[in-house]
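What follows is a single structure, written as C-alpha cells, with notes after it.
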Amino acid sequence: MAGDLEFEKPVVELRKKISELRDYTQNTDMDLSAEIEKLEARLEKLENEIYENIKPWDRVQIARHPERPTSLDYISKLFTDFFECHGDRVFGDDEAIVGGIAKYHGLPVTVIGHQRGKDTKENIRRNFGMPHPEGYRKALRLMKQAEKFRRPIICFIDTKGAYPGKAAEERGQSEAIARNLFEMAGLKVPVVCIVIGEGGSGGALALGVGNHIHMLENSTYSVISPEGAASILWRDASQAKKAAETMRITAPDLKELGVVDEIIPEARGGAHRDLEKQVQAIDQTLLASLKSLSGYSEEEIIDHRYKKYKLIGQYSSLNEYIGVN
Amino acid sequence: MLKELFTKTTKKKKYATIPSETAKQDVPEGIMTKCPSCKKIMYTKELVKNLKVCFHCGFHHQMNSKERIDSFVDLGSFEELNNGMISGNPLDFPDYEDKLEKDRLKTNLNEAVVTGTGSIDGLNVVVAIMDASFRMGSMGSVVGEKITLAIEKADELKVPFIIFTASGGARMQEGVLSLMQMAKTSAALKRFSDHGGLIISIMTHPTTGGVSASFASLGDYNFAEPGALIGFAGRRIIEQTIREELPEDFQTSEFLLKHGQLDAVVSRSDLRETIASILEIHQPGGINRWQEI
C-alpha cells in the first residue's frame, strides 16, 4: 500500500510474501495453502505486536502522513450544508484555516479547522496549514458569530504551528493567538475541539480552548515540535525521536496529564487506512460531547471551561519539598 | 642617568601585592558594569540608582524582580503571594529538578515570577513580575498558576492587575502543561476583564513565544521598555524559513509600536509616573464620576 511507514515494514513485507505465494499457488499445481495459513497466523500476531505497541515517534509519522484525512475531509463527511466563510474583515483570507456554518445531525453548528493541502500546489496555497494572524482573526470572527446565534462550535486542530514569518510578526501573530485564547475562554456556547493530526504549540491552542478536547489516537499535541525540542535541548534536531518520547506528546500521554477528555480510536495503522470508519468514530464522540454540554446555561458553560483549564498543571509547595508541614 | 632610573622602576615591579582579606571583600564582584550597548564602564551601584539605565546611551539593562519591586511599588507596600509554590517534574524530564534547584540557589527565588499586592502612589494593585534570571523566565505550571492566582486576587480585591513580562516562552521541560498555562492565564484575564478589571502589561526584555502570545499581549494598555526583544517566533527560525535578512529593529519594542501592537514605549524613568496616572484615570466610578461635577 502506498505511504507505508518505517515501523510497519515487517507487516508490509510479510503481506507481500503471502500474496506472492497465493499467486504462485494459482499459477502452478503446487498447493501451498498450509504454508499460507501459517504465514497468515504469523501476520496476525505480528500486526498485533506492532500496532499495539506504537512508539511515540511512529505516531508522529502517522500524524504527519501525507494521506491523513484533513479538516475538510471530516467536515464533508460529518456535516451537511457546509457553507465556507472567508476573510477576517481586516486584512485578508488565510486559507490555512477553514471555517463556516453547517448542520450536524440536522442542527446548526459553526465549524473551524486548520487546513493542510493534499498536494504541493494546495499546500502552497494553504501555507502547509500554518496560519498567519488573519487566519486566527477569521476563526475568532466566526466564533463570535456562533455565539451571537447560539450555535455550538467545533474546532479541528491540525497544524505544525503558527507560521514563523516576517509578515506574521508584523501583523501581530502573538496578539492574534493571545486574543483567541482570551475570547474563547469567554464564549457563551459550547466549544468542542478535536486534535486530528499535529497539534503544534500556540498555533494549535489558538483554536483549542474548548469545554472538551478530544484527540485521535495517533495525533500529537505539544508545546514545540520534536525537532524544535531536540535542537533547543540538545542542539541537535536529529534527536527528534528521543524528544518525541521525552516530551510526552501522544494522546495517551495527554489523557494521563489531564489535558484531553477522550481518545478517539483509529483504524489499524492510522486514520488514512479507513476514512469511513474514522468518521464514525469521531461522530460518536462528538455527538456525545455536544449532548452532554447542551444542558448548560451560558454562565455554566463558561465556568465549565474555566475550571477545566484551572486544573491543568502540576506543582508542589516549598514546605512539602523541605519536609515541613 | 635615565637608563638607571628605568632599571630601578622595572625592578620594583617584580614585587607582587597580595591584597589582604579585607581588601578583597571591599571589592565585590560586579562593582563595575560594562554597558553591552555603548561598551562604557560605570559603577554598578550608580547604575542601579539610575534604574539600571545606562548614563551614556540610555540602554535599559535587565532588572530582576527585586529591583523592579523596589523601584516600582510604594516603599514597604509590597506583600508577596504564593511564594512557596515550586515546580514538580510532571514529565519526569531528565535533569529538570537539578536545574530548578540550581536556579533557586542562584537567584534566591522559588520560581520565575513574583506576585503580590502593593500600591503605586497610594493606589492599590496586584502586580506580577517575571524574572528572566530564573530558567529564562519560562512559563511552566507554577508560573501559570501563580499568575492566575494573582489575577483572581485582583478580581477579588477589585484592583487593577499589572504584569511585567520577561520570558523566553513556555517551559520545555513541562511540555504541553506549559502550553496550557497560556490558556489558563488568558481565561483568568478574560474573567477579570468581564468584571471590569483593568489590565496593564509592561513588556520587558525579552518577551517571546508563549508569554508574548498570551497575557503579555492582553493588556487594556500594552507598554514596552525601549529596545526590548518582543515577538512570537525566534529570529533565527524566521530567517531560516523565509531565507531573507530581517530588518535590524525586527521584533523590538519600537518595531511593535510601529506595527500597532503597543500603546507606547515608555522609558524606565517615566514608567512609574505613567502607570500612576493611568491608575488615577481608572479610579472606580467611571461615567458616574461626571455626576460629581
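To the nearest 20 debye, what is the magnitude of the charge dipole of the protein assembly as shown about its Cα centre, counting +1 on the Cβ of each Lys and Arg and -1 on the Cβ of each Asp and Glu?
Values: 79 positive and 89 negative charges, 420 e Å.
Dipole size: approximately 2020 debye.
Add +1 for every Lys or Arg and -1 for every Asp or Glu among the other residues with Cβ under 13 Å from the Cβ of A:Val11, and state the total.
On the way: positive: A:Lys9, A:Arg15, A:Lys16, A:Lys17, A:Arg42, A:Lys45, A:Arg268, A:Arg273; negative: A:Asp4, A:Glu6, A:Glu8, A:Glu13, A:Glu40, A:Glu44, A:Glu47, A:Glu49, A:Glu52, A:Asp58.
Once positives and negatives cancel, what remains is -2.
Among A:Gly295, B:Asn89, A:Val11, flag the residue with its Cα farthest along the positive direction of the charge dipole of the protein assembly as shown, charges on Cβ as +1 for Lys/Arg and -1 for Asp/Glu.
Of the candidates, B:Asn89 comes out farthest on the positive side.
Angle, helix B:141-157 long axis vs. longest principal axis of chain B, Cα atoms, 0 to 90°, nearest 10?
Tilt of helix B:141-157: around 50 degrees.
Above 15 angstrom, tally the Cα pairs of the range A:8-56 and express them as a % of all pairs, no decimals. Walk me through the numbers on the way to the answer.
Values: 558 of 1176 pairs.
For the range A:8-56, the share of Cα pairs beyond 15 Å comes to 47 percent.
Using the Karplus curve 6.51 cos²θ - 1.76 cosθ + 1.60 with θ = phi - 60°, what ³J(HN,Hα) values do you get for each residue of the range A:66-81, in whole Hz, with x for Gly and Pro?
Running phi through 6.51 cos²θ - 1.76 cosθ + 1.60 with θ = phi - 60° gives x, 9, 5, x, 9, 3, 5, 4, 6, 4, 5, 8, 8, 10, 10, 6 Hz.
So, in the range A:119-210, how many Lys pairs have Cα atoms under 23 Å apart, if the pair is 8 or more places apart or on different chains?
Going through the range A:119-210 pair by pair, I get 9.
Over all directions, how big on average is the projection of the convex hull of the alpha-carbon atoms in chain A, in square nanometres? Walk me through the intermediate numbers first.
On the way: hull surface 90.0 nm².
Hull-based average projected area comes out at 22.5 nm².
Taking 30 Å² as the minimum loss, tell me which residues in the range A:281-309 lose that much accessible area going from the chain by itself to the full protein complex (1.4 Å probe).
A:Tyr306, A:Tyr309
Translational D (Stokes-Einstein, µm²/s) of the range A:1-117 at 4 °C and 1.567 mPa s when Rh comes from the Kirkwood sum over C-alpha pairs?
Numbers: Rh = 18.4 Å.
Reported coefficient: 70 µm²/s.
Looking only at Cα atoms, what is the convex hull volume of the protein assembly as shown per residue, in Å³?
Working: hull volume 162.5 nm³, N = 618.
Given the Cα convex hull of the protein assembly as shown, per-residue volume reads 263 Å³.
State the three equivalent ellipsoid semi-axes of the range B:59-191, derived from the C-alpha gyration tensor as the square roots of 5 times its eigenvalues, in descending order and whole Å. Don't jump to the answer; show the numbers that get you there.
Details: eigenvalues 121, 63, 28 Å².
Rounded to whole Å, the semi-axes are 25, 18, 12.
From Cα coordinates alone, what are the radius of gyration and Dmax values for chain B in angstrom?
Reported Rg and Dmax, both Å: 23.2, 94.
Compute the accessible area per residue over the protein assembly as shown, keeping the other protein chains in place, probe 1.4 Å, unit Å². If you can, show how the numbers build up before the last one.
Working: 29790 Å² over 618 residues.
Ligands and nucleic acids excluded, the figure is 48 Å² per residue.
Give the carbon-plus-sulfur fraction of the accessible surface of chain B in %, rounded to a whole number; probe 1.4 Å, heavy atoms of protein chains only.
On the way: 8040 of 15080 Å².
C and S fraction of accessible area: 53 percent.
How many partner chain Cβ atoms sit within 10 Å of a residue's Cβ in peptide B:260-266, on average, as a whole number? Intermediate values should be presented prior to the final figure.
Details: counts 4, 7, 1, 0, 0, 0, 0.
Mean partner-chain Cβ count within 10 Å for B:260-266: 2.
When the Cα centres of the range B:243-277 and the range A:258-325 are compared, how far apart do they sit, in Å?
Here the two parts' Cα centres lie 38 Å apart.
I need to check one value: relative contact order of the range A:51-183, counting alpha carbon pairs closer than 8 Å and at least 6 residues apart, in percent. List each step's numbers first, then the result.
Values: 213 pairs, mean separation 30.1, N = 133.
Here the relative contact order equals 23 percent.
Binned at 10 Å from 0, what are the whole-percent values of the Cα-Cα distance distribution for the range A:200-283, short to long?
Percent of Cα pairs in each bin: 18, 40, 34, 8, 0.
Picking from B:Gly168, B:Gly140, B:Gly76, which is most flexible by a Gaussian network model of chain B using Cα springs under 10 Å?
B:Gly76
Return the whole-Å distance between the Cα centroid of the range B:173-209 and the Cα centroid of the range A:44-111.
28 Å
Can you list the lysines whose alpha carbon is less than 25 Å from that of B:Lys146, not counting same-chain residues fewer than 8 positions off?
Here the lysines satisfying the reach criterion relative to B:Lys146 are A:Lys255, A:Lys307, A:Lys308, A:Lys310, B:Lys66, B:Lys99, B:Lys102, B:Lys106, B:Lys158, B:Lys184, B:Lys190.
Which whole number in µm²/s is D for the range B:34-122 by Stokes-Einstein, with the Kirkwood Rh taken over Cα pairs at 4 °C and 1.567 mPa s? Before the final figure, lay out each step's value.
On the way: Rh = 15.7 Å.
Estimated via Stokes-Einstein, D reaches 83 µm²/s.
What's the total accessible area buried between chains B and A, using a 1.4 Å probe, rounded to the nearest 100 Å²?
Values: alone 17390 and 17060 Å², together 29790 Å².
Using a 1.4 Å probe on protein heavy atoms, the buried area is about 4700 Å².
Count charges around A:Glu122 for me, please; just the other residues with Cβ under 12 Å from its Cβ, Lys/Arg as +1, Asp/Glu as -1.
Values: positive: A:Arg116, A:Lys118, A:Lys121, A:Arg125, A:Arg126; negative: A:Glu95, A:Asp119.
Overall, the nearby charge balance is +3.
For chain A, with only Lys/Arg (+1) and Asp/Glu (-1) charged at the beta-carbon, what is the dipole magnitude about the Cα centre, in debye rounded to 20?
Working: 45 positive and 51 negative charges, 231 e Å.
Its charge dipole is roughly 1100 debye.
In terms of the Cα gyration tensor, with a ≥ b ≥ c the square roots of its eigenvalues, is the range A:143-225 rounded because a/c is under 1.5, prolate because a/b exceeds b/c, or oblate? Display every interim value, and only then the final one.
On the way: a/c = 2.51, a/b = 1.15, b/c = 2.17.
It comes out oblate by the Cα gyration axes.
Given the convex hull of the Cα atoms of the range B:134-293, what is a quarter of its surface area in nm²?
Working: hull surface 44.0 nm².
Taking the Cα atoms of the range B:134-293, their convex hull projects to 11.0 nm² on average.
If each DSSP helix of 4+ residues adds -39,500 (n - 2.57) and the sum is divided by the residues in chain A, what number results at 222 nm, nearest 500 deg cm²/dmol?
Values: 15 runs with 157 residues, N = 325.
Only helices count here, giving -14500 deg cm²/dmol.
Connecting C-alpha atoms closer than 10 Å in a GNM of chain B, tell me which of B:Glu80, B:Glu67, B:Glu239 has the biggest fluctuation.
B:Glu239
Relative contact order for the range A:93-157: what is it in percent, counting Cα pairs under 8 Å that are at least 6 residues apart?
Values: 112 pairs, mean separation 26.4, N = 65.
It comes to 41 percent, rounded to a whole number.
What do you get for the angle between helix B:268-281 and the principal long axis of chain B? Use alpha-carbon atoms, 0 to 90 degrees, nearest ten.
Here the helix axis deviates by roughly 20 degrees.
Between A:Gly87, A:Val60, A:Leu39, whose Cα lies farthest towards the positive end of the dipole of the range A:13-149 when Lys and Arg beta carbons carry +1 and Asp and Glu beta carbons carry -1, centred on the Cα centre?
A:Gly87
In a GNM of chain B with a 10 Å cut-off on Cα contacts, which of B:Tyr221, B:Tyr43, B:Tyr96 has the highest mean-square fluctuation?
It is B:Tyr43.
Relative to the Cα centre, what is the charge dipole magnitude of the range A:141-249, using +1 at the beta carbon of each Lys and Arg, -1 at the beta carbon of each Asp and Glu, and rounding to the nearest 20 debye? Provide the component values of the computation, followed by the final result.
Numbers: 14 positive and 11 negative charges, 83 e Å.
So the dipole magnitude of the range A:141-249 works out to roughly 400 debye.
Specify which residue in the list B:Leu105, B:Gly116, B:Phe72 is farthest towards the positive end of the charge dipole of chain B, using unit charges on the beta carbon of Lys, Arg (+1) and Asp, Glu (-1), about the Cα centre.
So the residue we want is B:Leu105.
Once both axes come from the Cα atoms, what is the angle between helix A:33-51 and the longest principal axis of chain A, in degrees from 0 to 90, rounded to 10?
20 degrees
Express the carbon and sulfur contribution to the solvent-accessible surface of the range A:1-144 as a percent, rounded to the nearest whole number, probe 1.4 angstrom.
Numbers: 4180 of 7830 Å².
About 53 percent, which is the carbon plus sulfur part of the accessible surface.
How high is the relative contact order of the range A:154-260, given as a whole-number percent (alpha carbon pairs under 8 Å, six or more residues apart)? Don't skip to the end; give the middle numbers.
Values: 180 pairs, mean separation 27.8, N = 107.
So the answer I get is 26 percent.
In whole angstrom, note down how far apart the Cα centers of the range B:83-117 and the range B:34-56 are.
The range B:83-117 and the range B:34-56 have Cα centres separated by 30 Å.
With bins 10 Å wide starting at 0, give me the P(r) of the range A:201-249 over every alpha carbon pair, in whole percents.
26, 46, 24, 4
The values are calculated or read from the model by the stated rules, or taken from the named source; none is laboratory data. Source: prediction; values computed, not measured. Using ideal geometry, Cβ is built from the backbone for each residue, glycine included, and neighbour counts are taken over all protein chains shown. Protein only, heavy atoms only, side chains kept; ligands, DNA and RNA dropped before computing areas. Shrake-Rupley method; radii C 1.70, N 1.55, O 1.52, S 1.80 Å.
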